[in-house]
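Inspection log for the structure reproduced underneath, given as structure tokens.
The values are calculated or read from the model by the stated rules, or taken from the named source; none is laboratory data. Keep in mind that what you see is a predicted model, and the values were worked out from it rather than measured. Counting neighbours? That spans all protein chains shown, and the Cβs are built from the backbone with ideal geometry, glycine included. Protein only, heavy atoms only, side chains kept; ligands, DNA and RNA dropped before computing areas. Shrake-Rupley method; radii C 1.70, N 1.55, O 1.52, S 1.80 Å.
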Amino acid sequence: MEPAAVIEGGRVTGVRALRDGAEITLRAAREVVLSMGAIRTPQVLMLSGIGDREHLADHGVASVLHAPEVGANFHDHILHGGCIWESPEPMAPRNSAANASGFWKSDEGLDRPDMNIVQIELPYASDVVAKEYAPPGNAWALCAGLVDPKSRGTVRLASGDPLAKPVVTANFLSDPQDVKSQMAAIDLCRQLGNDAAFASWRKREAVPGRDLDPAAKAEFVKNGATTFFHQVGTARMGKDDAAVVGADLKVKGIEGLRIVDGSIMPRIVTCATMATCVFIGERGADLILGG
């Protein structure tokens with residue numbers, strides 16, 4: 001069972017949960033800290049009555065705090081799977097299978113790289129690409145990773161049942177700029193993989209194996225979309241009244257509740273999110289210990 005906050009007089013005073021099939025209430029002496037990630041954190045908030053009041057009413061949850069931004073602004077790093085080359089001979093992975101990567105701007109006018117090109121020592125492909133191209137097992141991939149996506153999705157309740165999984169509508173590549181950036185990165189991956197420097201490491205380009213016109217390339221981008229599993233943003237921090245938390249990581253409009261996880265990021269960092277989440281945790285600890 002997902003926990004739900006106990007809210008009394010506008011203050012979170014504890015958490016309801018299940019232990020060995022029985023409901024229990026855990027009381028907090030000072031405050032409750034929620035740290036369940038960009039999918040479960042908004043679910044728990046909404047089950048506790050903190051979210052868009054109309055959405056909560058649709059699922060029989062009484063509104064305690066109207067906070068429409070809870071569950072909004074969902075985004076993630078998108079990994080394309082993939083551009084694939086068959087190897088001349090079988091080769092076992094020599095490290096984690098994905099130790100080589102680099103950052104690149106899909107447009108020189110950008111102030112920071114928006115792409116993370118990842119080399120994977122396996123024929124990494126989405127289900128759709130794998131079905132269409134059937135890449136050989138003895139192969140490696142160059143995968144275009146979009147680390148500054150413009151597309152935004154949502155996390156919503158499936159029902160008021162705490163055991164029901166939330167509904168994630170990722171909306172990957174719904175912004176045309178994301179598709180354009182990925183198309184440019186596909187061109188770079190193919191240029192690199194087919195370069196003379198890789199001649200001894202390839203037998204042939206297996207996927208896509210040919211030049212694609214713009215429409216086909218856009219479809220290849222969409223069909224190849226997978227994820228880095230770096231979801232963020234669904235309880236965003238900000239100075240504006242609509243933001244879910246402030247700089248102190250406390251939920252605006254209610255007392256005794258703080259969020260300390262990647263859901264508070266208003267915009268995803270352009271690198272793997274683990275270190276940033278550690279920093280959020282360290283900052284949260286400092287704030288809690290400082291009172």
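Results, tabulated for the structure shown:
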quantity	calculated
Relative contact order %, region 82-184, counting alpha carbon pairs below 8 Å whose residues are six or more apart	27
Filter on Lys131/Lys165; Lys131/Lys217; Lys105/Lys150 - keep pairs with C-alpha separation over 22 Å	Lys131/Lys165
Spacing of the two label points (7 Å from each Cα toward its C-beta) at Ala247 and Glu205, in nm	5.0
Gaussian network model of the chain, springs between alpha carbon atoms under 10 Å - residue of Ser126, Ser200, Ser106 with greatest fluctuation	Ser200
Three-way shape label, region 40-126, alpha-carbon gyration tensor, a/c 1.5	prolate
Estimated [θ] at 222 nm from DSSP helical runs (n ≥ 4, -39500 (n - 2.57)) normalised by residues in the chain, nearest 500	-7000 deg cm²/dmol
Orientation-averaged projected area, Cα convex hull of region 58-106 (nm²)	8.4
Model label zone, Arg267; criterion: amide N under 16 Å from point 7 Å along Cα-to-beta-carbon; scope region 173-200	177-178
For region 110-203: rounded, prolate or oblate by the Cα gyration tensor [a/c cutoff 1.5]	oblate
Cysteines in the chain lacking a second Cys C-beta under 4.7 Å	Cys143, Cys271, Cys277
Cα-based Rg of region 84-134 normalised by 2.2 N^0.38 Å, two decimals	1.47
Region 1-61: C-alpha pair distances exceeding 17 Å, %	43
Cα gyration tensor shape of region 171-291, rounded if a/c is under 1.5, else prolate or oblate by comparing a/b with b/c	prolate
Percent RCO, i.e. relative contact order, over the chain, from Cα pairs under 8 Å lying at least 6 residues apart	23
For Glu255, distant residues with modelled amide H under 5 Å away	Arg11, Val12
Reported label for calculated semi-axes √(5λ) of the Cα gyration tensor in Å given (1) 32, 23, 18; (2) 42, 22, 15; (3) 42, 19, 18	(3)
Fraction of accessible area attributable to carbon and sulfur, region 229-285 (%, probe 1.4 Å)	62
For region 207-265: relative contact order, % (alpha-carbon pairs under 8 angstrom, 6 or more apart)	28
Asp111 versus Asp187: modelled label distance in nm, points set 7 Å from Cα along the beta carbon direction	2.5
